[in-house]
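Below is one structure, written out as structure tokens, with a few remarks after it.
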Amino acid sequence: MPMTLEQIRLKQNPILTGLLLAQVAQGNLVAEILFPRLPFAVRSGMVPKLGNEAMQQYNLRRAPGAHTKRITVSYEGAVYTVEQHSVEVPIPREWIEEQQGAFSLGLPRNLDVSQIAMSTASSVLTLGYEVEAAALATDAGQYPSSNVLTLTGAAKWSASTGKPVDDIIGASDAIRAKTGRRPNTLIVSPNVLSALYRNEQIRAYFPTDRIGLPTLADLSTILRVPRIVEADAIWVDGQNVAHDVWGNVAILAYVPPVGGSMSLADPAWGFTSVLEGHPFAELPYYENTSKTWVYGATFERSANIATSAAGFLFVEPA
């Protein structure tokens, strides 16, 4: 029997959960765009993954009284798990006392400490998810070898001789040939997007008196990709040096429309298995030894590749 939300969200705090869901980490996060959510009721389960029988041709002509054509559908029970990610944010008692004291004196209240805790927890959890998704999506080993293109020298999109229109339309044709679907999403890192804006092949599609750079809508029309998204999240290392989460890549993929439910019968490139009711805020507790209130949050999810041929990776395109 599936677990209820009450069982899943053990000791959750609904008010703090609202704050948690309202916070957004810096940068444009694209993990859930490339890996749409597939809700799970348990931490490990089997998801039906169908073959390509729906793409095959059959002789369905039937004479009166003859048997109806019956086809065989291959079925793979793919097992996916959900991994738990949890974080605690300590807020010293003194911070709360100072805030309450200032408020009692009629001084303006600064950002509520609960919001500080939830904002920090949300940023840590969502950025961790983004880094995990980026590591998976930028791994050339996750794609068929024919669906990976490393660009060098004159072929780079930042070069005057680079041909991103030809490259992306060719990749789109490759995905359609293998899956029967045209890719509908292009994820680009910031330097790749800058290269596309300035690329001579792309700018040749505009009148010579056009002022300014192309827009994302322009790129979408030229490259024949309905959705183009910049992935500009960063992470900071122990030396306080910032790094692009997505590096120098572009990823073209077929992402099914997210509706009431998502089925792996549709050749999605990837999805995120998410435990129902996540992420959520834990009930804060007081730690006597450090005289600190501890706020926690949990996010149980895992990014997965579903149909590897439904994605195409451009390595070092800019």
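Return the residues of segment 62-95 that are of a type in the set (A, V, I, L, M, F, W, C), modelled with pLDDT of 60 or more and over 22 Å from G270 (Cα atoms); say none if nothing qualifies.
Quick first cut of segment 62-95, residues of a type in the set (A, V, I, L, M, F, W, C) only: 63, 66, 71, 73, 78-79, 82, 87, 89, 91, 95.
Pick out the ones that are also modelled with pLDDT of 60 or more and you get 63, 66, 78-79, 82, 87, 89, 91, 95.
A63, A66, V87, V89, I91, W95 - these are the residues of segment 62-95 that are of a type in the set (A, V, I, L, M, F, W, C), modelled with pLDDT of 60 or more and over 22 Å from G270 (Cα atoms).
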#### Entry: Close pairs from segment 285-304: first under 30 Å from A137 (Cβ atoms), partner open to solvent by 20 Å² or more (accessible area, probe 1.4 Å) and of a type in the set (A, V, I, L, M), Cβ under 7 Å, at least 6 apart
G296/V87; A297/V87; A303/L136
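Considering only segment 226-253, state which residues are assigned to a loop (DSSP other than H, G, I, E, B) and open to solvent by 20 Å² or more (accessible area, probe 1.4 Å). Steps first, please.
Filtering segment 226-253 for residues assigned to a loop (DSSP other than H, G, I, E, B) gives 226, 231-233, 237-241, 245-248.
Of everything in segment 226-253, those that are assigned to a loop (DSSP other than H, G, I, E, B) and open to solvent by 20 Å² or more (accessible area, probe 1.4 Å) turn out to be P226, D232, D237, G238, Q239, N240, V241, V245, G247, N248.
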### Query
Looking at segment 192-218, which of its residues are in contact (Cβ under 8 Å) with a residue 24 or more places away in the chain and open to solvent by less than 20 Å² (accessible area, probe 1.4 Å)?
V192, L193, A195, L196, N199, I202
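Counting only residues that are of a type in the set (G, A, S), buried (at least 18 other Cβ atoms within 10 Å of the Cβ) and more than 15 Å from G247 (Cβ to Cβ), which one in segment 115-150 is farthest from the chain's Cα centre (by Cα)? Explain how you work it out, then say what you get.
Going through segment 115-150, the residues of a type in the set (G, A, S) turn out to be 117, 119, 121-123, 128, 133-135, 137, 140-141, 145-146.
When the remaining residues are screened for being buried (at least 18 other Cβ atoms within 10 Å of the Cβ), the result is 117, 119, 121-122, 133-134, 137.
From the residues that got through so far, the ones that are more than 15 Å from G247 (Cβ to Cβ) too are 117, 119, 121-122.
Numbers: A117: 24, S119: 20, A121: 19, S122: 16 Å.
Top of the filtered list is A117.
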### Query
Counting only residues that are of a type in the set (K, R) and open to solvent by 20 Å² or more (accessible area, probe 1.4 Å), how many does segment 267-318 have?
1
### Query
Quick check: is even one residue across segment 160-168 at pLDDT below 95 and among the small types (G, A, S)?
yes
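Out of everything in segment 177-191 that is open to solvent by 10 Å² or more (accessible area, probe 1.4 Å) and over 20 Å from the mean Cα position of the chain (by Cα), what residue ends up being modelled with the lowest pLDDT? Can you show your working first?
Kept after step one, since they are open to solvent by 10 Å² or more (accessible area, probe 1.4 Å), are these residues of segment 177-191: 177-178, 180-182, 184, 190-191.
Pick out the ones that are also over 20 Å from the mean Cα position of the chain (by Cα) and you get 177-178, 180.
Working: A177: 94, K178: 92, G180: 89.
Filtering first and then ranking leaves G180.
Being modelled with pLDDT of 90 or more, within 30 Å of F312 (Cβ to Cβ) and not β-branched (V, I, T) is true for just one of A231, A268. Which residue is that? If you could, list the steps in order and put the result at the bottom.
Working: A268 fails: modelled with pLDDT of 90 or more.
The unique qualifying residue is A231.
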### Message
Return the residues of segment 151-176 that are open to solvent by 60 Å² or more (accessible area, probe 1.4 Å) and assigned to a helix (DSSP H, G or I); say none if nothing qualifies.
### Response
A154, D166, D173, R176
### Query
Out of segment 200-225, which residues are modelled with pLDDT of 95 or more and either touching an Asp or Glu at 6+ places or on another chain (Cβ under 7 Å) or part of a loop (DSSP other than H, G, I, E, B) (or both)?
R224, V225
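The values are calculated or read from the model by the stated rules, or taken from the named source; none is laboratory data. Everything numeric here is computed off the predicted structure, so don't read it as measured data. With ideal geometry, Cβ positions are generated from the backbone for all residues, glycine too; neighbour counts draw on all protein chains shown. With ligands, DNA and RNA removed, areas are computed over all heavy atoms of the protein, side chains included. Shrake-Rupley method; radii C 1.70, N 1.55, O 1.52, S 1.80 Å.
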